[in-house]
Amino acid sequence: MKNKEPLILAVVVIFSLITYYLVEPYAHHVMHKHVESEHFAYADLPALAANGDATRGQDLVMGAGACTGCHSIEAAGMPAAMEAQDAAASYGVNPPDLSNVGVIFDERFLADLIKNPAHALKVEHKFTEESGKMHPMSAFAGGGGDIDQEVADMVAYLKSIALKAEDVTPKIAYENACGRCHAMSYENWTQIGEKPSFKEKKDALAYDIKVLQYEDSLKAYMGKLPPDLSMYIRSRGEHFVSTFIENPQAQLEGTAMPRVGVTAEMAEKVIEHMKDSGDTKRAERESVGMNVMIYIIIFAIFALLWKKQVWRDLH
Amino acid sequence: MAHFTKATSIKDWLNQRLAIDTVERVMMSEYWIPKNINFLWAMGMVLVITFALLLVSGIFLLMYYQPNVDTAFYSVNYTIMRDVDFGWLWRHVHGVAASVVFLIIYIHMFTGIYYGSYKKGREMIWVSGMLLFVAFSAEAFSGYMLPWGQMSYWAGMVITNLFSGGSLHADGLVEWIRGDYVPAQAFLTRFFMLHVLLIPLAILGLIGLHFGALRIPHVNNQDGEEIDFDKEAKKYLAGDKAGSKVMRFANDFMSKDMMVVGIYLVFFFYLVFWNYGFAMDAVNFDPADGLKTPAHIYPEWYFLWSYEILRPFSVDIGLVAFAFAQVIFVLLPWLDRSPNTVPANRRGLFAIWFWVMLVNLIVLTAMGKLPPEGMFSQIGFVSAILFIVQWLMLPFITMFEKKV
Ligand code: HEM
């Protein structure tokens, strides 16, 4: 009698694979809009008009640009004037510290942000003329000279004080780019900073109250509370998160989340940090996986040999 | 009173009290298995092993899981996935095994259908098998509630809603099942109880029944051959191992079982470490939120075909069709009127019936996941009708089958 097992195996495998294909890749393809990555090129924004001069930029940032009216720059010895929850009460969200924005954000994005924040952030739909609302970050109207040159100077200054890209840890990237809106409780992060461990319960509660105050302002500004991102790397997946940061509107039309403007390298770091929170054991999974595999393959080989030996007498 | 003598060995001591030799003979060495069976007959053992994996990994998870709506999600996604050493491993093993067990169950069921292994004294094997299917379904559903993610909550909402019976508006029954108006603490605690105690107990009992039901009729074979087990067993015991048509369960068939289990485990652990996404739905990594309905609510893949039988119809008809789909497989031994216990390919029209049924279930599965729009809902509708018509036709097709 001819051995039918290979044929049977082929039938079982083919039917299983077809089912898998239909309920997984194919169904996902139908259910979720596919957004191609633009590689964080910000091609809709103009390139920087001129070579910037950091020294002139410094004067502008501190002076005519008025950046320091709202933002702190710790790297330049300018601490925050207000506590985060108070800043959020005035602006809706705490304007981020500018020490490292030169390395976190793309330069085209920064230039456009300074001139027209709602445009760069892609939230113009929230700040239309009819709505009468103004973006809380005021647009820079020029310091008397060529505005493009001035913007380039400020960008050059921000770059000059920032950390080097390789010194930016995933955590720093996350805190700068996302941390003012998104808590990450599994990494102990709240929108007003990393939650310290308090000895006294009343201090811990006082901290929580500040966070709640902050979140109230943020909710009023955004229309909803931005979600805690602890597990988002698993609930959304890397591709979604990456294309979503690049252009939230492409994935969720009308969303209140701004285009954040990070460079491709920083986006990777942000995602790395999300993995550190939601997929902590990925390296261990690889190594344990290899070991288990080796063990099981050896087991399978022994099982095969045993079967051969037992069945020798049966034919 | 029985007569006990001084034991000559531990084995003898046990033998006098537990008759372990007899048990060994009845269950293992003289439990005769036909030789002409293929690897599909190892699926039962693969199921036993998968069930063991579920049980062991579940016990580990149980040590840290907290059945509380405020802490359940955290206990799973933080404590088990991050804090506890190898907690992630147990969770992935448990999640993947829960999904793969259904793949194997379906293969096992369709093997039974193809070879006619539910007939001529094997009806109880089939019925106990279907009861196992029901118990596993309940086990999988209740387990899916436990992480208290978005899909837990919303699938729990949708499925328990079915019990309102459409226009019967039996909302009282739904509330009774939930213990509340919506899925909340009472709901989670009772599904926790079902998942870790009552249903596993039922499964263990049913596995015992399933095995018991196998012992007298013996397993079927791939050629539809009637085997005289006593005669063939004598031949084997007389030393003509090669000439006999049967073999011992242990170690003869067991060695093949283990070979298949070995290959299966390679596949299984590949999924656990590198391709677990299909078994652990991404949406369930968002915590449950009763105010935010997910864009697409769908059950796990193994429930999709019956879900799709519910969906294309109006509520009441859908529920009737759904109820029909749930019970109809149990009745197979009686709906099949043919006396032939041979592989489907030798049974004329039944062969067509078999392959159409299989393909149609896959189509239903796919449509159950896809959004019910346009072409998908039409295909789903036709497939659901076809499913019902096929079962209604079965007695007539098989009644006129020629005896082979
Ligand atoms: C998930 C729990 C189950 C376990 C652990 C299990 C286990 C087994 C085992 C060990 C065997 C003997 C070896 C073999 O023929 O594969 C068997 C046979 C069988 N099972 Fe299951 N089974 C399960 C579920 C089911 C289901 C859902 C059905 C379908 C209704 C089913 C129907 C059968 C039939 C018809 C046979 C006899 C096969 C033959 O005689 O050729 N079983 N089962």
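Read-outs: derived from the displayed coordinates by stated rules, not from any lab. The model shown is predicted, which means the values in this text are computed figures rather than measured ones. As a convention, Cβ positions derive from the backbone with ideal geometry for all residues, glycine included, and neighbour counts pool all protein chains shown.
In nm, give the distance between the simple-model label positions of A:S37 and B:F400, each being 7 Å from the Cα along the Cα-to-Cβ direction. About 6.2 nm separates the two model spin labels. Taking every DSSP helix (H) stretch of at least 4 residues in the protein assembly as shown, weighting each as -39,500 (n - 2.57) and dividing the sum by the residue count yields a mean residue ellipticity at 222 nm of -17500 deg cm²/dmol. Across region B:340-404, C-alpha contacts under 8 Å between residues 6 or more apart give a mean separation that, scaled by the residue count, equals a relative contact order of 44 percent. Projected over every direction and averaged, the convex hull enclosing the alpha-carbon atoms of the protein assembly as shown yields 42.7 nm². Express the Stokes-Einstein translational diffusion coefficient of region B:304-404 in µm² s⁻¹, to the nearest whole number, given a Kirkwood radius over alpha-carbon pairs, 20 °C and a viscosity of 1.002 mPa s. Rounded, D is 150 µm²/s. Could you identify which residue out of A:R285, A:R259, A:R180 has the top mean-square fluctuation in a GNM of chain A using Cα springs shorter than 10 Å? Most flexible of the set in this elastic network: A:R285. Between amide H atoms placed 1.01 Å from N, distances below 5 Å from A:D279 occur with no residue 5 or more places distant or on a separate chain.
Would you look at the GNM of chain A, springs on alpha carbons closer than 10 Å, and say which of A:L98, A:L110, A:L225 moves the most? Maximum fluctuation in the GNM of chain A, among the listed residues, is at A:L225. Backbone amide hydrogens, once placed in the peptide plane, bring A:I73 within less than 5 Å of A:M78, A:L98, excluding anything fewer than 5 places away on its chain. The Cα-based radius of gyration of region B:180-241, divided by its Kirkwood radius, gives an Rg/Rh of 1.40.
Shown here is the pair-distance distribution of chain B: with all Cα-Cα distances grouped in 20 Å bins from zero up to the longest one, the shares run 23, 52, 23, 2 percent. Scalar couplings 3J(HN,Hα) for region B:350-366, obtained by applying the Karplus form with A = 6.51, B = -1.76, C = 1.60 to θ = phi - 60°, are 4, 4, 5, 3, 4, 5, 5, 4, 5, 5, 5, 5, 5, 4, 4, 4, 5 Hz; x denotes Gly and Pro. Modelled this way, with points 7 Å down the Cα-to-C-beta line, the labels at B:S167 and B:V382 are 2.9 nm from one another. Where a Cα-Cα gap under 24 Å defines reach, which lysines qualify for B:K292, not counting those fewer than 8 residues away within the same chain? The qualifying lysines are A:K33, A:K126, A:K219, A:K224, B:K369. In the elastic network of chain A, a GNM with C-alpha springs shorter than 10 Å, the most mobile of A:L17, A:L205, A:L163 is A:L17.
Enumerate by residue number the GluC sites (Glu not before Pro) in region B:218-278 meeting two conditions: DSSP loop (anything except H, G, I, E, B), and at most 14 other Cβ atoms within 10 Å of the site's Cβ. The partial results should precede the final answer.
Details: sites: B:E225, B:E226, B:E232; in loops: B:E225, B:E226.
Here the sparse-neighbourhood loop sites are B:E225, B:E226.
Its relative contact order, with pairs defined as Cα atoms under 8 Å and 6+ residues apart, puts chain B at 23 percent. Backbone phi angles across region A:149-154, fed through the Karplus curve with coefficients 6.51, -1.76 and 1.60 (θ = phi - 60°), yield HN-Hα couplings of 5, 5, 5, 4, 5, 5 Hz in residue order; Gly and Pro are listed as x. On full extension, the segment bounded by A:D216 and A:V30 gains 63.2 nm, given 0.36 nm per residue less the C-alpha separation. Rounded to the nearest 10 degrees, what's the angle between the helix B:43-62 long axis and the longest principal axis of chain B, both from Cα atoms, 0 to 90? With both axes taken from Cα atoms, the answer is about 50 degrees. Along region B:284-301 the Karplus relation, 6.51 cos²θ - 1.76 cosθ + 1.60 evaluated at θ = phi - 60°, assigns HN-Hα couplings of 6, 8, 9, x, 4, 9, x, 9, 10, 6, x, 4, 10, 10, 9, x, 4, 4 Hz to successive residues, with x for each Gly and Pro. Partner lysines whose Cα lies under 22 Å from the Cα of A:K269, excluding those fewer than 8 positions away in the same chain, are identified as A:K159, A:K164, A:K171, A:K195, A:K281. Simple rule: put +1 on each Lys or Arg Cβ and -1 on each Asp or Glu Cβ in the protein assembly as shown, find the dipole, and look at B:L349, B:Q150, B:I309; the Cα lying farthest toward the positive end is B:L349. Only aspartates and glutamates eight or more places from B:K402 in sequence, or on another chain, were considered; those with a Cα closer than 18 Å are B:D223, B:E225, B:E226, B:D336.
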